[in-house]
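**Q** Handing you this structure, nothing more for now.
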Amino acid sequence: MKYWYFPGCSLKSSGRAYEESLLAVFRCLEVPVQELDDWNCCGATSYMSADEVQAFALASRNLALGEQQAGTGGNGGAQLLAPCSACYLLLLKTQRYLAQHPDLAHHARNGLKAVGLTYEDKIKVRHPLDVLVNDIGLDRISKLVKERLSGLKVASYYGCQVVRPFATFDSPWAPTTMDRLVEALGGTPVKWPLKTRCCGGTLIGTVPEVGLRLSHILLQDALRRGADVMITLCPLCQFNLECYQDEMTRQFKETVRLPVLYFTQLMGRAFGLSDKELGLQRSFMPPPWACQARA
């Protein structure tokens, strides 16, 4: 099956390493992925708070483009990959609200009609983690592993938006998909109850004392539980948890040093891909295998 890919804004900017590692992993698995042509920003959570009706119309354009392009590609049962947690949530929310609220759907479809598009609710929004574990399968992934992650203790962090409120492929309170993926790669999942606790999100930029504290709690608890690395699937979470560790150390007088990678980077490492292919040269914190090599 061919998957259509909606990168969203983050994967083309601050989350570029996510895109690089994601596409590299899918190439290894020989799963065809094609970027959606002419996609637009989903609006994330900020536009929804400014003008909810227009925000749904904006997001629905990407769904309409997915249906149009998947149809011309002959891909029955169109699947749209949304790696960014905010994009994934907003596209799912848009589908849900357009289906449940006729007035909203009428407004959105009128807007799409004005630019020559239609939306028929015939495309399925998927997260790449869901596709990798539930479509491609852990057995196939495990067979591609060239460098097993033996001895590596991994804390899997989901954040707020991937499994809540819609929870299409995992538990909203105790998700296990990334843990099972880590095991298939040869690593050891850390038992960690904070895997869906908020990292602070945009509070890092608006109320930094609160945002930093929330991220600091996550990192310190993962370290106390013996984690060598944290993996995530959200560009904002990855940014908050990795890039402010020096500031957290200064503010809370407690050293914080923990690599925070995308789950696709960890997969790529196990597949034997180079650090450059996985965008690891963009990391502020070196990956755990680099630390081990220096030691």
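**Q** Does L266 qualify as being under 19 Å from the mean Cα position of the chain (by Cα) and under 23 Å from S10 (Cα atoms)?
**A** yes
**Q** Give the number of residues within region 133-169 that are free of Cβ contacts under 8 Å to residues at least 12 places away in the same chain and either crowded, with 18+ Cβ neighbours inside 10 Å or within 17 Å of the chain's Cα centre (by Cα) (or both).
**A** 2
**Q** Determine, yes or no, whether L92 is in a helix (DSSP H, G or I) and in contact with a Leu (Cβ under 7 Å, 6 or more places away or on another chain).
**A** For L92, the condition - in a helix (DSSP H, G or I) and in contact with a Leu (Cβ under 7 Å, 6 or more places away or on another chain) - is not met.
**Q** When you look at C237, is it in contact with a Cys (Cβ under 9 Å, 6 or more places away or on another chain) and assigned to a helix (DSSP H, G or I), yes or no?
**A** Considered against the rule, which asks whether it is in contact with a Cys (Cβ under 9 Å, 6 or more places away or on another chain) and assigned to a helix (DSSP H, G or I), C237 comes out as yes.
Here is a yes/no grid of residues against (1) in contact (Cβ under 8 Å) with a residue 60 or more places away in the chain; (2) under 17 Å from L258 (Cβ atoms); (3) part of a strand (DSSP E or B); (4) in contact with a Phe, Trp or Tyr (Cβ under 8 Å, 6 or more places away or on another chain):
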{"residue": "K191", "(1), (2), (3), (4)": "no, yes, no, no"}
{"residue": "T196", "(1), (2), (3), (4)": "no, no, no, yes"}
{"residue": "G205", "(1), (2), (3), (4)": "no, no, no, no"}
{"residue": "E209", "(1), (2), (3), (4)": "no, no, no, no"}
{"residue": "L212", "(1), (2), (3), (4)": "no, yes, no, yes"}
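**Q** Pick out the one residue from Y18, Y47 that is out of contact with any Phe, Trp or Tyr (no Cβ under 9 Å at 6 or more places or on another chain), surrounded by 15 or more Cβ atoms within 10 Å (Cβ to Cβ) and aromatic (F, W, Y).
**A** Y47
**Q** Here's a follow-up. Looking only at region 252-287, count how many residues are assigned to a helix (DSSP H, G or I) and either in contact with a helix residue (DSSP H, G or I) (Cβ under 6 Å, 6 or more places away or on another chain) or surrounded by 22 or more Cβ atoms within 10 Å (Cβ to Cβ) (or both).
**A** Qualifying residue count, region 252-287: 11.
**Q** Mind listing just one residue for me: the one in region 50-88 that is small (G, A, S), at pLDDT below 95 and part of a loop (DSSP other than H, G, I, E, B) and, of those, surrounded by the fewest Cβ atoms within 10 Å (Cβ to Cβ)?
**A** Here the answer is G74.
**Q** With the checklist (1) more than 19 Å from S150 (Cβ to Cβ); (2) touching a residue at least 24 places away in the same chain (Cβ under 8 Å) in hand, flag the one item P288 doesn't pass.
**A** Checking P288 against (1) more than 19 Å from S150 (Cβ to Cβ); (2) touching a residue at least 24 places away in the same chain (Cβ under 8 Å), the one that fails is (1).
**Q** Does region 95-112 include one or more residues that are touching a strand residue (DSSP E or B) at 6+ places or on another chain (Cβ under 8 Å) and within 26 Å of A184 (Cβ to Cβ)?
**A** No: zero hits.
**Q** Just to verify a result, which residue in region 99-119, among those that are aliphatic (A, V, I, L, M) and closer than 15 Å to V53 by Cβ, is surrounded by the most Cβ atoms within 10 Å (Cβ to Cβ)?
**A** A108
The values are calculated or read from the model by the stated rules, or taken from the named source; none is laboratory data. This structure is a prediction, so every number in the text was calculated from the model and none was measured. For neighbour counting, all protein chains shown are included, and Cβ atoms are generated from backbone atoms with ideal geometry for every residue, glycine included.
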